[in-house]
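One structure below.
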Amino acid sequence: MNAPVKLAMTLDKLPMRKRAKISAIDWTSMSENEGAQIRNLGLEEGVEVEKLYQGMFGLHDPIALKVGRMMIAIRKLHASAISVDILA
């Protein structure tokens, strides 16, 4: 495994095709139902993700991520609540 580089940012700000490890999630910024959906997608502290795509036209919604062997999409609002450390 690659060691995380201590360059903390939120998932919505992660550059394309960069891998990162989730360091924290602000569960209080989303409803209980939204939090459950995020967990069901496999997003939690310690998980490695890669940003593959984001929508165009200023909103940059949704954001497509690689999580393990899956590709998932989340809203920018939720990605902004997820802190990550870029992997070297």
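The values are calculated or read from the model by the stated rules, or taken from the named source; none is laboratory data. Model, not experiment: these values are computed from the prediction. Glycine also receives a Cβ, built like all others from the backbone with ideal geometry; neighbour counts cover every protein chain displayed. For accessibility, only protein heavy atoms count, side chains too; no ligands or nucleic acids. Shrake-Rupley method; radii C 1.70, N 1.55, O 1.52, S 1.80 Å.
Could you check the range 43-57 and list, in sequence order, the residues that are assigned to a strand (DSSP E or B) and either of a type in the set (A, V, I, L, M, F, W, C) or in contact with a Cys (Cβ under 6 Å, 6 or more places away or on another chain) (or both)? Residues satisfying the conditions are 49, 52. Sort through 69, 17, 75 and tell me the only one that's touching a Leu at 6+ places or on another chain (Cβ under 8 Å) and modelled with pLDDT under 95. Just a single option satisfies the conditions, and that option is 17.
Every residue in the range 24-42 that is assigned to a loop (DSSP other than H, G, I, E, B) and either closer than 14 Å to residue 14 by Cβ or touching a helix residue (DSSP H, G or I) at 6+ places or on another chain (Cβ under 8 Å) (or both), please. Spell out how you get there, then give the answer.
Going residue by residue through the range 24-42, those that are assigned to a loop (DSSP other than H, G, I, E, B) are 26, 30-31, 41-42.
Passing the criteria: only 30.
Restricted to the range 58-78, and to residues there that are in a loop (DSSP other than H, G, I, E, B) and touching a Gly at 6+ places or on another chain (Cβ under 9 Å), the residue that is surrounded by the fewest Cβ atoms within 10 Å (Cβ to Cβ) is 68. Checked against (1) small (Gly, Ala, Ser); (2) at pLDDT below 95; (3) open to solvent by less than 40 Å² (accessible area, probe 1.4 Å), residue 81 passes all but a single condition, namely (2).
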